[in-house]
Amino acid sequence: MSAMKTSFTRLALAAGLGAAVAAGGVVAASAEEPKMGGVLRIVVGSKIPSYDGHRESTFGMIHPIRPFYSLLIRINPENPQSTTDFICDLCEGDIPAPTNEGKTYTFKIRQGVKFHDGTPLTAHDIVATYNKIVFPPEGVLSSRVSFFAAIEKVSAPDDFTVQFDLKHASPGFIPLIATPFNFVYAKKDLEREDGMSWHQKNINGTGAFTFVEHQPGAFVKGKRYEGYHHEGKPYLDGYVAISAPKMSVRLQAIRGGRADIEFRAFPPKSRDDLVKALGDGITVQESAWNCTFGYAANQNRPLFQDKRVRQALTLGLDRWGASKYLSKIAIVKTVGGLAFPSDPVATDEETLKTYYGYWPDVEKSRAKARELLKAAGAEGASFKIWNRAVDQPYKVVGTWMLDQWRQIGLNVEQEVLPSGPWYAGLRDPNGFDVAIAPSCQSVVNPIVDAGAWLSQDRAKNNRGYYTDRQLDEWYDAMNRESDPAKQKEIYRKFEKRVLHDEAHFGQILWWHKINPHRSFVKGWKIAPSHYLNQSLDQVWLDLPDEERKQRTMDELGG
Amino acid sequence: MATVSQGSLAVAMFEEPAAFKPWHVKLRETARKQPIGVAGALIVILMILMAAFAGFVTPYDPVANSYEYMLVPPDGNFIFGTDMLGRDVYSRIVYGARTALFVGFASAAVGGFLGLILGVSSAYFGGLFDLIFQRVMDVFMAFPLVIMALAVVSILGTGTENVILAIIVPFVPRCARVVRSSALQIREIPYIDAAKACGFGHARIILRHMAPNVMAPFLIMVTAFVGQAILTEASLSYLGLGVQEPTPAWGLMLQGGAEEFAESAPWVAVFPGLAITLAVFGFNLFGDALRDVLDPRLRSSQ
């Protein structure tokens, strides 16, 4: 009994500590003097499709590769919970205010920065990088191109000035530029014969670490870049990102001391197990997460062309119950609309409860769903969910969805696929019936992120394969609107149409980020996205000198 | 000497036929001679009964989620506890027996039958056909069973039907190879020549005259295949490449949630693991006993 009491006490203490870190970052550790040296061991739960940040959208690439690169601007690593605190990375001074009625942004570029191969960085590298991101040549995949639609031109008036000219004022511009996928590449690399694809297999950045080795399926290693442009950083000698797709392996790696941290998230039960096993040796950081877990019914399928069927699908899901119970076993928690729940633009709970699928009375909701299915002649309809072979939260929530839809008389199966074929299927307009469609964004920027629900010819990641010009019109209007109140008003109409009126997309729950890590890992603060704050230049290890040296010897050979 | 001889013959000729033995006596004798085989058969029979009457012997719907009962340890209501979605582990194991047996028998039957036909044909035709066919079989057999099944499922995709196909493919050459070796001996027996002389077609000779005579090794092989198929299905499902949620399947129950909760809720992993072990154990024991009974060399040595 006393042992049980002790472990509960330790659990509560550790959870409290974690909450304190997440809430304000006011833990004494932040005031400690960072120690130089040592190697950080990270476990990563997904593979690296390619090294190209502009092309990829997965944490499997960001976690091991981001430390090799810099951005023009980034979120403040000391205040990552803020949705408005950005600082210069390759630019210098403060974040520039717009001129020309909000249509021009001019950045002064830091001098003396060199790429890892010794090439000096100039404004022309930034221009070449953004030209690839914003205006990719035919056949070159730039995953977030639709988000940058407001940019008209990127130019370099001189070697150390970059100018962005917008088509119209865009309040979402600065957060967009801080997107962690916007790796800055060297112009000379982009001008190679295979320049547009060169970065898929090669690395040359200006980040805190230089590339050492990648053994596919095993690990990526990086070592300190002595010429890094943020003076005195990085603190680490290097890092090793170990590939471990299975969650249980990652958990045991941290528990057994073979890894120090995992930057995506662990489910609540794993957090509790780690805290129970390691007590003070584990620090837990938690945060709301800028990831939605939803589904898209493929409107190329006749069954889902009828909006009553789509509305029935959303009505069939008990979101409030899921929030209460699924959050105990999965990394999902918050019921919300399209916007990040704590963002000023987010819908309040009372309004949300008027949307289909958000009614508090689940039985009433299911009765309505059955009624709509009957009216549409789709009672007992059969279809498959296209799901990803990742335990958290995909398979857990996917299986829950099957049970929910079974309760309104639908006959649903799921097909679970590894990430590669799953993504390939999503990109195929006829590849699936209903797809699990998570929308994970990095910097919280709901107005711009709403671009994911535009018509299929504008949003490359529109998994419902629909065309809705009303949504396109409202999206453009709210992105040009500088009055926050009016912007919110348009956003409300946009959201209601997506979730309720047309039920193009089924939002289920927002994710909840839980990062338990070894307590000696210092300097890293949780952000509301697993893509953010991953430069690792501020991370250090609070370990004895000998232990840090030994790690460097073990991982980097000296 | 002669009288004695004649007398002996007379006694033998008029000896009473062997007394009729009731089934329970025969069963007792078999149990005495093959106790392990009978234990295996009992496990198999129990499993078949569970699968057949799953609806009657389970208290809960095996796929229904129940928020209120997530990860409940074994107790009076849930004898094997519940999993992370509040599903009754006992009900899922019983229904899982259906999946295991369906995959096991379907794969073993189809794979075995194809192997039988191909193996006997290869022995019957011999020559270049046999040579080429056996080299093709060599290629297939060069891959371990699970690896071959993984390759097939990677091409075809997941799902029960594809898992069955994935298990059939590596079974066929294994069965064909064993059956061929027995069929080679049969081919040399004069009655095959007699059948040819009578003008019987190849198919008739293969199916009616050769195949029935290789039944003993074939049945032993097929019985062993059922156990292997169950294990392979569980392996594929465990790797996420087999049967998909929410279908109750033992390998699937070991995957995902069971890994995550193995420490805090061990019943989620222990009972499906035991079910797999017991089923494979049962089929292997039964197969061994069958071999002992059907193989004349082993029978005479007893």
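Determine the per residue accessible area of the range B:62-135 with all protein chains present and a 1.4 angstrom probe, expressed in square angstrom. Before the final figure, lay out the partial values.
Values: 2780 Å² over 74 residues.
In whole numbers, the range B:62-135 has 38 Å² accessible per residue.
Taking the range A:67-212, how many lysine pairs are there with alpha carbons less than 21 Å apart, if each pair must be eight or more places apart or span two chains?
Close lysine pairs under the 21 Å cut-off: 21.
Give me the extension gain from residue A:351 to residue A:364: residue separation times 0.36 nm, minus the current Cα-Cα distance, reported in nm with one decimal. Let's see the in-between values first.
On the way: separation 13, 0.36 × 13 = 4.68 nm, distance 1.76 nm.
Stretched fully, the residue A:351-residue A:364 segment lengthens by 2.9 nm.
Could you tell me the total accessible area buried at the B-A interface, probe 1.4 Å, in square angstrom to the nearest hundred?
Using a 1.4 Å probe on protein heavy atoms, the buried area is about 2200 Å².
Taking the Cβ-Cβ separation of residue A:84 and residue A:202 as r and a Förster radius of 41 Å, what is the calculated FRET efficiency to the nearest 0.05?
Working: r = 35 Å, r/R0 = 0.85.
The calculated FRET efficiency here is 0.70.
What is the extension gain from residue A:192 to residue A:554, computed as 0.36 nm multiplied by their sequence separation minus the C-alpha to C-alpha distance, in nm to one decimal?
Values: separation 362, 0.36 × 362 = 130.32 nm, distance 3.67 nm.
Computed gain between residue A:192 and residue A:554 is 126.7 nm.
Where a ≥ b ≥ c are the square roots of the eigenvalues of the C-alpha gyration tensor, would you call the range A:270-359 rounded, which needs a/c under 1.5, or, failing that, prolate if a/b is larger than b/c, or oblate? Let's see the in-between values first.
Numbers: a/c = 2.70, a/b = 2.02, b/c = 1.33.
Taking the square roots of the gyration eigenvalues as a ≥ b ≥ c, the range A:270-359 is prolate.
Relative to the compact globular guide of 2.2 N^0.38 Å, what is the alpha carbon radius of gyration of the protein assembly as shown, as a ratio? It would help to have the intermediate numbers written out before the result.
Working: Rg = 33.0 Å, N = 860, 2.2 N^0.38 = 28.7 Å.
For the protein assembly as shown, the normalised Cα radius of gyration is 1.15.
Explain nothing, just compute: Karplus ³J(HN,Hα) = 6.51 cos²θ - 1.76 cosθ + 1.60, θ = phi - 60°, for every residue of the range A:158-165 in order, whole Hz, x for Gly and Pro.
My calculation for the range A:158-165 gives 8, 5, 10, 9, 10, 10, 9, 9 Hz in order.
Per residue of B:235-247, what is the mean number of Cβ atoms on other protein chains within 10 angstrom of that residue's Cβ? Don't skip to the end; give the middle numbers.
Working: counts 0, 0, 0, 0, 1, 8, 4, 0, 0, 12, 12, 9, 2.
Per-residue shielding by partner chains comes out at 4.
At a threshold of 8 angstrom on Cα-Cα distance, excluding pairs fewer than six apart, so keeping six or more, what relative contact order does chain B reach in percent? Present the calculation step by step, with values, prior to reporting the outcome.
Values: 436 pairs, mean separation 71.4, N = 302.
With pairs under 8 Å counted, the relative contact order is 24 percent.
Name the aspartates and glutamates eligible as straight-distance cross-link partners of residue A:233: C-alpha to C-alpha under 12 Å, and not fewer than 8 places from it in the same chain.
Within reach: A:537.
In terms of modelled amide H atoms, which long-range or inter-chain residues lie less than 5 Å from the amide H of residue A:437?
A:294, A:295, A:296
Where the eigenvalues come from the Cα gyration tensor of the range A:232-386, what are the semi-axes √(5λ) of the equivalent ellipsoid, largest first, in whole Å? Don't skip to the end; give the middle numbers.
On the way: eigenvalues 319, 66, 52 Å².
Taking √(5λ) for each Cα gyration eigenvalue gives 40, 18, 16 Å.
What fraction, in whole percent, of alpha-carbon pairs in the range A:289-511 exceed 24 Å separation? Don't skip to the end; give the middle numbers.
On the way: 9490 of 24753 pairs.
That tail contains 38 percent of the Cα-Cα pairs.
Run down the lysines and flag those whose C-alpha is under 27 Å from the C-alpha of residue B:33, throwing out any fewer than 8 positions away in its chain.
Excluding near neighbours in sequence, the set is B:21.
Rounded to whole Å and sorted largest first, list the principal axis extents of the Cα atoms in the range B:154-198.
49, 20, 14
Within straight cross-link reach of residue A:307, meaning Cα distance under 15 Å, which aspartates and glutamates are found once same-chain residues fewer than 8 apart are removed?
Once the sequence-local aspartates and glutamates are set aside, what remains near residue A:307 is A:371, A:379, A:433, A:468, A:501, A:502.
Hey, if you drop one equal point scatterer on each alpha-carbon of chain B and run the Debye formula without solvent, what base-10 log of I(q)/I(0) do you get at q = 0.13, 0.14, 0.15 Å⁻¹?
Once normalised to I(0) and log-transformed, intensities are -0.99, -1.08, -1.16.
Indicate the residues belonging to the range B:129-159 that lose 10 Å² or more of solvent-accessible heavy-atom surface (probe 1.4 Å) upon moving from the chain alone to the assembly of all protein chains, ignoring ligands and nucleic acids.
With the partner chains in place, the range B:129-159 has these residues losing at least 10 Å²: B:158.
Using a 10 angstrom Cβ neighbour count of at most 12 plus a DSSP loop assignment to flag exposed GluC sites (Glu not before Pro), which longest range of chain A is free of such sites? Display every interim value, and only then the final one.
Working: sites that count: A:32, A:101, A:138, A:191, A:193, A:226, A:231.
Formally, the longest exposed-site-free interval is A:232-558.
Using the structure shown, select from A:47/A:333; A:460/A:513; A:221/A:324; A:364/A:488 the pairs with a Cα to Cα distance greater than 32 angstrom. Display every interim value, and only then the final one.
Numbers: A:47/A:333 26 Å; A:460/A:513 27 Å; A:221/A:324 40 Å; A:364/A:488 30 Å.
Among A:47/A:333; A:460/A:513; A:221/A:324; A:364/A:488, the Cα-Cα distance tops 32 Å for A:221/A:324.
Of the accessible area of chain A, with the probe set at 1.4 angstrom, what percent is carbon plus sulfur? Walk me through the intermediate numbers first.
On the way: 10450 of 20820 Å².
Here it works out to 50 percent.
Using only the Cα atoms of the range B:151-302, build the gyration tensor, take square roots of its eigenvalues as a ≥ b ≥ c, and label the shape rounded, prolate or oblate: rounded if a/c is under 1.5, else prolate if a/b is larger than b/c, else oblate. Don't skip to the end; give the middle numbers.
On the way: a/c = 4.68, a/b = 2.05, b/c = 2.28.
Since a/c reaches 1.5 but b/c is at least a/b, the shape of the range B:151-302 is classed as oblate.
Please name the residues of the range A:316-346 whose accessible area, counted over protein heavy atoms with a 1.4 angstrom probe, falls by no less than 50 Å² between the chain alone and the full protein assembly.
A:325, A:329
Suppose only helical runs count, i.e. DSSP H with n ≥ 4. What mean residue ellipticity at 222 nm does that imply for the protein assembly as shown under -39500 (n - 2.57) per run, divided by all residues and rounded to the nearest 500 deg cm²/dmol?
On the way: 32 runs with 386 residues, N = 860.
Rounded to the nearest 500, the figure is -14000 deg cm²/dmol.
The values are calculated or read from the model by the stated rules, or taken from the named source; none is laboratory data. These numbers were taken from a predicted model, which means no experiment stands behind them. Methodologically, a virtual Cβ is constructed for each residue, glycine included, from the backbone with ideal geometry; neighbour enumeration extends over all protein chains shown. Accessible surface areas use protein heavy atoms only, side chains included; no ligands, DNA or RNA. Shrake-Rupley method; radii C 1.70, N 1.55, O 1.52, S 1.80 Å.
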